[in-house]
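*Asks:* I'd like to ask you about the structure that follows.
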Amino acid sequence: MSDEKGSKGAVIGTVIGTVAAIGAGFAFGFAGMKGAAPAANQPAASSAKTAEQKPSDVRPIAPIVTNLRDPSNLFIRLEAALVLEPNTPDAAALVAKIGDDLVSYLRTVSLSELEGPTAFQYFREDLKKRSVQLGGGKVKELLLQSLVIQ
């Protein structure tokens with residue numbers, strides 16, 4: 001008889017927990033909807049911001065294939081693009097110069113520097129920083145399209 005009371009208590013506890021979770025979900029959902037109502041008016045404001053922004057020039061970098069520093073029998077293939085200021089003079093030469101620098105940098109990278117999400121994020125930031133510095137203020141962003149290590 002005590003087993004039946006224990007199992008009934010467990011069932012009641014599960015039901016109460018489920019109802020509380022559903023209630024919390026609805027509360028968060030309605031709170032999110034209240035915050036979303038002003039967002040309906042934001043497209044007009046965001047289009048005004050877009051009109052104020054200068055257009056950008058996206059230039060692909062030729063695919064880079066090189067070996068890693070450690071282990072040297074692994075190869076890395078990187079496809080990326082640069083976001084440049086509009087009307088950048090000699091943009092093709094700048095893209096080629098940055099591509100060459102990225103090849104040199106990739107040859108100094110070891111596999112352990114790319115393992116894990118945090119390490120990969122640092123790697124991306126290093127690539128971007130090098131590109132922006134070499135670009136002399138003409139490079140806004142480095143976009144990674146693909147990265148394969150084989």
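*Asks:* I'd like the residue in the range 61-79 that is in contact (Cβ under 8 Å) with a residue 60 or more places away in the chain and assigned to a strand (DSSP E or B) and, out of all such residues, is farthest from LEU142 (Cα to Cα).
*Replies:* Here is the first cut: in the range 61-79, the residues in contact (Cβ under 8 Å) with a residue 60 or more places away in the chain are 68, 74-79.
Now narrow it down to the ones that are assigned to a strand (DSSP E or B): 75-79.
On the way: PHE75: 21, ILE76: 17, ARG77: 16, LEU78: 12, GLU79: 11 Å.
Going through the qualifying residues, I end up with PHE75.
*Asks:* Anything in the range 93-110 that is part of a helix (DSSP H, G or I) and either in contact with a Phe, Trp or Tyr (Cβ under 9 Å, 6 or more places away or on another chain) or not assigned by TED's automatic domain parsing to the domain that holds SER72 (or both)? List them, or say none.
*Replies:* At the first step, the residues of the range 93-110 found to be part of a helix (DSSP H, G or I) are 93-106.
Passing the criteria: none in range.
*Asks:* Residues being part of a strand (DSSP E or B), surrounded by 14 or more Cβ atoms within 10 Å (Cβ to Cβ) and small (Gly, Ala, Ser): count how many of those fall in the range 111-150.
*Replies:* 0
The values are calculated or read from the model by the stated rules, or taken from the named source; none is laboratory data. As the structure is a computational prediction, the values presented were derived from the model and not from experiment. Positions of Cβ are backbone-derived with ideal geometry, glycine not excepted, and every protein chain shown enters the neighbour counts.
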